[in-house]
Structure formats: C-alpha cells, structure tokens
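Written out below as structure tokens is the structure these notes cover.
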Amino acid sequence: STMRERKATAPLHSSTDLSEGKEKLRLKQEVGLISGVSLIAGTMIGSGIFMSPEWVLHHMGNPASSLLIWAACGLLAMFGALSYAELGTIIKESGGEYIYILRIFGSFPAFIFAYTSVILVRPAGLAAVCLSFAEYAIAPFYSGCSSPQVAVKCAAAACILILTIINCLNVRLATSVMNIFTAAKLLALLVIVVGGLVLLAKGQTQSFQNGFQGTTTGIGAVGVAFYQGLWSYDGWNNLNYVTEELKKPEVTLPRALMIAIPLVTCLYLLVNVSYLAAMTPSELLSSGAVAVTWGDKVLGSWAWLISLSVALSTFGSSNGTFFSGGRVCYIAAREGHMPDILSMAHVRRLTPSPALLFTSAMSLIMIVSGTFTTIVNFFSFMAWLFYGMTISGLLYLKIKKPELPRSYKVPIIIPIIVLMAAVYLVLAPIIDQPQIEILYIILFIFSGIIFYFPLVRFKYHPRFLQKVTLHLQLLLEVAPTARDAN
C-alpha cells in the first residue's frame with residue numbers, strides 16, 4: 001500500500017515520555033471556528049492587496065483583465081482549500097503539505113518538502129511580509145524621501161523578534177493577536193471599499209472604459225501576474241498546519257475555509273475596483289504604494305490612517321505566517337526529518353518554542369539577504385510546486401482509496417483543476433522566460449538527498465549532536481511531545 005500506515009505503538013521518538021508512567025506532552029486544542037477564520041483571513045490579508053495590484057495590472061496590461069486575474073486567483077485558492085479540507089479530514093494531523101506527502105508518498109518526498117520548506121519557503125514568506133510591514137511602519141518618519149534600507153531591515157527584524165516572543169509565550173495569546181488584527185484590517189479594507197463605492201456613485205468610471213484594450217496574452221506574463229495575485233491569497237492552506245490544535249477539526253476546518261476565502265476574495269475585488277475608481281491605470285502603475293496613493297487622493301489629511309492600517313495588516317499577517325510556519329518545522333522534527341530538539345515543546349507553556357526560534361532565525365537571514373519582489377516570485381514557484389504534489393496525492397486517495405473514512409468530500413473535478421493550474425504556474429515562467437534563479441532553486445531541492453540518506457534513511461546520529469540536544473533541552477525548558485490521538 002502506498003498510503004503509509006500510522007504506527008499503533010509509540011510515536012517515532014519513543015523516548016518522549018517526560019518520566020515513566022506520566023502522560024505525554026501535547027499541544028493544546030485552542031483554535032476554534034472564529035480563530036480558524038482569523039488565522040486564514042488574517043494571514044491572507046497582509047501586504048499583497050496593498051502592494052500587488054500595480055504588478056498584476058502591469059503584467060496584464062489593462063484594468064478588466066487584472067480584475068479577472070484577481071477573481072481567478074480567489075477561485076483557485078478556494079478550490080485548493082476545499083481539496084485540502086478533504087485531506088485534513090482523512091489525515092487528522094498537523095503539518096499541512098508535509099504530513100500529507102509523508103502519509104501518501106512516503107519518507108523521501110516528505111523530507112525534501114520539509115528541508116525546502118523549513119529552510120527556504122516558510123522563512124522567505126515571513127521575511128517578505130515583515131519587509132512590507134517595515135516599509136509602511138517607518139514611512140512616516142521619512143516623509144518626502146525613500147526609507148533607508150538599513151532602517152527597513154532593522155524594523156523587519158524587530159517585527160520577527162516580537163512575533164517570536166508572542167508565539168513562544170502562549171498559543172491563546174497568538175490567536176488573540178490574530179483575532180484583533182484581523183478585525184482591524186477588515187475595518188481598513190471596508191474604508192477603502194466604501195470610499196470606492198462613493199467615487200463610483202459620483203461617476204468616476206473612466207478607468208473601466210475600454211477595459212480589455214491591450215490585454216497581455218503571453219503565457220509567461222500571465223503566469224507572473226498569477227504569482228503576484230496568488231501571493232495576496234497565500235495563507236488559504238494555513239489551517240491545515242495546525243489541525244491537531246483545532247477544536248473538532250472535521251467540522252471547524254471546512255467551515256472556516258468556506259467563510260474566510262469567499263470573504264477575502266470579495267474584499268479584494270472591491271478594493272481593486274476602489275483603487276481604479278480613484279486612480280487612472282497609469283497613476284496606479286506609477287504608484288510605489290498603491291494604498292497610500294489612494295489615501296492621499298480620497299482621504300486627504302486622514303491619509304495617515306491607511307499607512308497605519310497597512311502596518312497593522314502586515315503585522316497580523318506575519319503573526320499568522322509565523323504561527324503556522326513553526327508548526328511545519330515542529331511536525332517534521334517529530335517525524336524524524338529534522339533534529340529532535342525541534343520536535344519539543346515548552347513544559348509549561350505548551351508551545352513548540354524550539355521550532356519557532358529556528359524559523360525566526362532563518363527568516364532573519366532572509367531579511368538580511370533578500371528584497372520583497374524577488375522573494376515573492378521565488379516563494380510562489382516553490383509553493384505551487386509542492387501544492388501540485390499534494391493535490392496529486394488527494395487524487396490518488398480518491399481513486400485508489402475511496403474506502404478511507406472522511407467527513408467531507410470535494411468533487412474530483414476541483415482537485416483536477418487545481419493540479420492543472422499548479423502545473424501551469426510552475427512551467428509557464430520557465431518556458432516563456434527561463435531564469436538562472438529557477439535552476440538554483442531546483443539544485444537546492446535536490447541537495448536534500450545529501451542529508452536524507454545518512455541522517456534519515458540510515459539513521460546516523462553523531463554522539464555530539466545528542467549532547468547538544470540535551471543541553472538545549474535544559475536551556476529552553478522543553479520536552480518531547482506525542483502525536484495527537486485523532
């Protein structure tokens with residue numbers, strides 16, 4: 001059977017008992033429906049809707065086709081999320097793509113995903129959002145000129161350190177921060193939506209006349225436009241990373257997805273219409289920060305509210321990305337694909353603090369070395385490569401394992417559409433405009449083979465690493481954890 005049977009005995013780390021006869025340590029089930037919706041919507045609504053519209057318009061060539069891209073991105077995110085909802089009700093474990101690839105395809109592909117995701121993809125996503133937070137947060141201090149890169153990167157690093165403290169202290173504190181910031185950013189988007197509707201009522205519709213004139217048809221340009229649009233929807237799969245921390249996951253997971261993603265899609269479309277009502281396409285393309293330009297035109301002396309809203313929005317999104325990204329590292333370590341120390345949780349706070357600290361460190365390195373635009377394109381290519389692999393796993397289960405119990409089923413045409421989109425998004429930019437960076441990414445993915453065979457396949461564990469793990473365990477006050485009993 002290709003589907004890996006879950007072990008009936010103790011989890012991989014059989015030494016995980018805190019002491020003989022005591023119950024094993026587990027993360028708490030603290031995430032309910034409201035927190036689940038907040039985690040999805042709060043992560044999705046980040047920097048993208050404030051920074052990507054000009055790039056989607058740039059690659060598509062006109063307002064009408066750019067709005068179609070935004071709608072198509074929302075539909076694709078919804079289809080992907082519904083497919084993941086079925087996977088989440090079959091495999092009721094945290095870890096998202098990692099755990100699904102592990103259970104369906106086996107150890108080696110799962111390790112390659114974990115290696116790539118933990119070291120590059122998740123830290124890159126977090127770094128990009130924190131950099132955009134920093135741009136807007138320090139902009140008021142440098143009015144009339146561009147902000148120094150040193151100041152931007154220092155503010156982004158400070159953002160990551162604050163998030164690390166919040167998420168290491170308490171799961172409930174982290175989810176409360178998500179709920180509060182999600183409410184704040186929804187309010188800010190509603191202000192932009194209402195402002196746009198007022199402008200349309202006044203007859204400012206010139207941007208929508210001859211809307212399809214000059215539409216781009218190149219497959220590469222359309223693919224890159226999708227990258228920029230889908231970046232704004234990234235986070236649709238975040239709830240699958242914390243399945244073990246959900247209250248009643250078989251109910252909460254599908255419901256939260258069906259509430260959050262249509263809500264975000266409608267808001268994004270209305271916000272883009274509002275931008276185009278306030279600005280001509282040429283003004284939007286020349287805007288460095290489209291939301292701030294909109295605020296200057298519509299709100300006048302109250303335009304500072306938009307900068308504040310964007311800063312709050314990106315901080316909340318960073319928190320959601322950090323919350324779920326640390327779980328991938330934690331679950332991969334628990335399955336033996338990362339150092340043991342990363343599978344441990346704080347003995348009192350019950351948070352996966354070593355995994356969170358590692359994710360934080362990798363994100364700080366990304367901030368020092370990267371820029372927003374390059375990180376987004378790099379992140380999108382890697383992410384859709386693994387989304388496609390995960391969706392193909394769902395299709396395998398639907399065809400070969402229909403007897404597996406599941407509380408939710410998605411029509412098979414939906415994952416087929418998502419898989420076709422994933423193949424297009426991975427191949428189109430390579431075929432149309434091949435870049436040397438893609439080769440570097442592929443080489444990095446396959447470099448995981450060097451580590452897999454000695455460390456995972458043949459279980460070679462140097463003695464000094466065991467001593468380091470013990471000392472870190474004492475220093476961080478952490479202990480190994482058990483898999484949830486779902």
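Calculate one ³J(HN,Hα) per residue across the range 427-438 by plugging θ = phi - 60° into the Karplus curve 6.51 cos²θ - 1.76 cosθ + 1.60, and present them in order as whole Hz with x for glycine and proline.
Working through the residues one at a time gives 8, 4, x, 5, 5, 7, 9, x, 10, 5, 4, 4 Hz.
Heavy atoms only, probe 1.4 angstrom, no DNA, RNA or ligands counted: give me E477, E437, E335 ranked by accessible area, highest first.
E437, E477, E335
Just to make sure I understand: if all protein chains stay in place, what is the order of R349, R122 by accessible area at 1.4 Å, largest first?
Ranked list, largest accessible area first: R349, R122.
Taking the chain, how much of its Cα-Cα pair set, in percent, is spaced more than 38 angstrom apart?
Tail of the P(r) past 38 Å holds 23 percent of the pairs.
Measure nothing fancy, just the Cα-based angle from helix 219-233's long axis to the longest principal axis of the chain, in degrees from 0 to 90, nearest 10.
Once rounded, the angle reads 70 degrees.
Separation between the A201 and I413 pseudo-spin-labels, each 7 Å from Cα along Cα→Cβ, expressed in nm?
In this crude label model, A201 to I413 measures out at 3.9 nm.
Scan around K409 for amide H atoms under 5 Å from its own, H built in the peptide plane at 1.01 Å from N, and keep only partners 5 or more places away or cross-chain.
Result for K409 returns nothing.
Leaving ligands, DNA and RNA out of it, rank H461, H59 by accessible area with a 1.4 Å probe, largest first.
Ranking H461, H59 by accessible area, largest first, yields H461, H59.
How large is ³J(HN,Hα), in whole Hz, for each residue of the range 341-346 in order, when computed from phi with the Karplus curve 6.51 cos²θ - 1.76 cosθ + 1.60 and θ = phi - 60°, using x for Gly and Pro?
In residue order, the calculated couplings are 4, 6, 8, 9, 10, 5 Hz.
Quick one: what do you get for the range 149-285 if you divide its Cα Rg by 2.2 N^0.38 Å?
Taking the Cα Rg and dividing by 2.2 N^0.38 Å, one obtains 1.35.
On average, how much area does the Cα convex hull of the range 50-206 cover when viewed from any direction, in nm²?
Averaging across all directions leaves 13.6 nm² for the Cα convex hull.
Roughly what percent of Cα-Cα pairs across the range 350-422 reach past 20 Å?
Counting pairs separated by more than 20 Å, the tail of P(r) holds 56 percent.
Using a simple spin-label model with points 7 Å from Cα along the Cα→Cβ vector, what separation in nm is obtained for L190 and S146?
It works out to 3.7 nm between the two label points.
Whose amide H sits under 5 Å from the amide H of A345, counting only residues 5 or more places off or on another chain, with H placed in the peptide plane?
Counting only residues 5 or more places away or on other chains, the set is A479, T481.
Applying 1/(1 + (r/R0)^6) with R0 = 35 Å to the Cβ-Cβ distance of I449 and L474, what FRET efficiency is obtained, to the nearest 0.05?
Step by step, r from the Cβ atoms, then E = 0.55.
Report, to one decimal in Å, the Kirkwood hydrodynamic radius for the range 193-348 based on all distinct Cα pairs.
19.1 Å
Return the Cα extents of the range 329-370 along principal axes one, two and three, sorted largest first, each rounded to a whole Å.
Cα extents, longest axis first: 34, 24, 11 Å.
Report in % the part of the accessible area of the chain that belongs to carbon and sulfur, leaving out ligands and nucleic acids; probe 1.4 Å.
Percent of accessible area from carbon and sulfur atoms in the chain: 67.
Over the chain, what is the relative contact order in whole percent, taking alpha-carbon pairs under 8 Å and six or more residues apart?
34 percent
Rounded to a whole number, what is D in µm²/s for the range 185-246 from Stokes-Einstein with the Kirkwood radius over alpha-carbon pairs (25 °C, 0.890 mPa s)?
157 µm²/s
Relative to the longest principal Cα axis of the chain, at what angle does helix 122-138 sit, 0 to 90 degrees, rounded to 10?
For 122-138 against the chain, the angle is about 40 degrees.
What shape does the range 55-138 have by the C-alpha gyration tensor, where a ≥ b ≥ c are the square roots of the eigenvalues, rounded means a/c under 1.5, and otherwise prolate means a/b greater than b/c and oblate the rest?
Taking the square roots of the gyration eigenvalues as a ≥ b ≥ c, the range 55-138 is oblate.
Report the calculated FRET efficiency for R457 and V347 (r = Cβ-Cβ distance, R0 = 25 Å), to the nearest 0.05.
For R457 and V347, the calculated efficiency is 0.20.
At 7 Å along Cα-to-Cβ for each site, give me the label-to-label distance between S282 and A183 in nm.
The two pseudo-label positions are separated by 4.5 nm.
Angle between the Cα long axis of helix 304-334 and the longest principal axis of the chain, 0 to 90 degrees, nearest 10?
20 degrees
Can you compute the FRET efficiency between C266 and Y396 using 1/(1 + (r/R0)^6), with r the Cβ-Cβ distance and R0 = 41 Å? Round to the nearest 0.05.
0.75
I need the Kirkwood Rh of the range 91-167: take the reciprocal of the average 1/r across all distinct C-alpha pairs and report it in angstrom.
About 14.8 Å for the range 91-167.
Report P(r) for the range 416-486: all Cα-Cα distances, bin width 5 Å, range 0 to the bin holding the largest distance, values in whole percent.
The distribution over the range 416-486 is 3, 11, 10, 11, 13, 13, 12, 10, 11, 7, 0, given as percents.
Going through the cross-link list K409/K459; K153/K247; K247/K409; K202/K297, which pairs have a Cα-Cα distance over 26 Å in this structure?
Where the Cα-Cα span goes over 26 Å, the pairs concerned are K409/K459; K153/K247.
The values are calculated or read from the model by the stated rules, or taken from the named source; none is laboratory data. Given the structure is predicted, the values throughout are model-derived calculations rather than measurements. Heads up, the Cβs are rebuilt from the backbone with ideal geometry, glycines too, and the neighbour counts pull from every protein chain shown. Quick note on the areas: whole protein, heavy atoms, side chains included, nothing else; ligands and nucleic acids left out. Shrake-Rupley method; radii C 1.70, N 1.55, O 1.52, S 1.80 Å.
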